[in-house]
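Below: one structure, written as structure tokens.
The values are calculated or read from the model by the stated rules, or taken from the named source; none is laboratory data. Only a predicted model underlies this, so the values are computations on that prediction, with no experimental measurement involved. In this analysis, Cβ positions are derived from the backbone assuming ideal geometry, glycine residues included, and neighbour counts consider all displayed protein chains. These accessible areas exclude ligands, DNA and RNA; they are computed on the full protein's heavy atoms, side chains included. Shrake-Rupley method; radii C 1.70, N 1.55, O 1.52, S 1.80 Å.
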Amino acid sequence: MWKAPYRPREHEISQTYNDGLVDIYRVEDDAEPGYAPKPSLIKVGVLAFEERRLGIQRYYQGRQNQVQIEHVLRVRKGFPVDTQMVAVIRGAEAQYAIDLVQNVPDVYPASWDLTLARVAQVLPIQGGEDNG
């Protein structure tokens, strides 16, 4: 007999995160003291994601602010994520700035929607791809 998945509260929607993995990095200054800033990326963690539809309203609001929104990813809350971090989708060559972090109500497990905008300046990843 099939049993519904356990949810702590009624009317919550179960989320699947089977569209891929996204690496989350924080930006730090890698320069020696007294030298010009040299930003580099340090891996914070990896999150599984579900790709969400990029709505026309969100797309054009980004265009009005000169931001090229390319992805909206739903991720499970695991560690603090903020708009000062950079996301790299595994299998893609681009780096994305996290433009917006939104809490998603009434889903299980607790989730965020991350709005990603492509960045023009690709930063070096400190310690290579296996860091973190």
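Can you name the residue in the stretch 52-104 that is hydroxyl-bearing (Ser, Thr, Tyr) and outside any strand (DSSP E or B) and is also surrounded by the most Cβ atoms within 10 Å (Cβ to Cβ) among such residues? Write out each step before concluding.
Residues of the stretch 52-104 that are hydroxyl-bearing (Ser, Thr, Tyr), as a first pass: 59-60, 83, 96.
Checking the rest, the ones that are also outside any strand (DSSP E or B) come to 59-60, 83.
Details: TYR59: 13, TYR60: 11, THR83: 11.
Result: TYR59.
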Worksheet item: Scanning for something farther than 13 Å from ALA87 by Cβ, open to solvent by 80 Å² or more (accessible area, probe 1.4 Å) and in contact with an Asp or Glu (Cβ under 9 Å, 6 or more places away or on another chain), does the stretch 24-39 turn up at least one residue?
Response: yes
Practice prompt. Considering only the stretch 105-121, state which residues are part of a strand (DSSP E or B) and modelled with pLDDT under 90.
Written response: VAL107, TYR108, ARG118
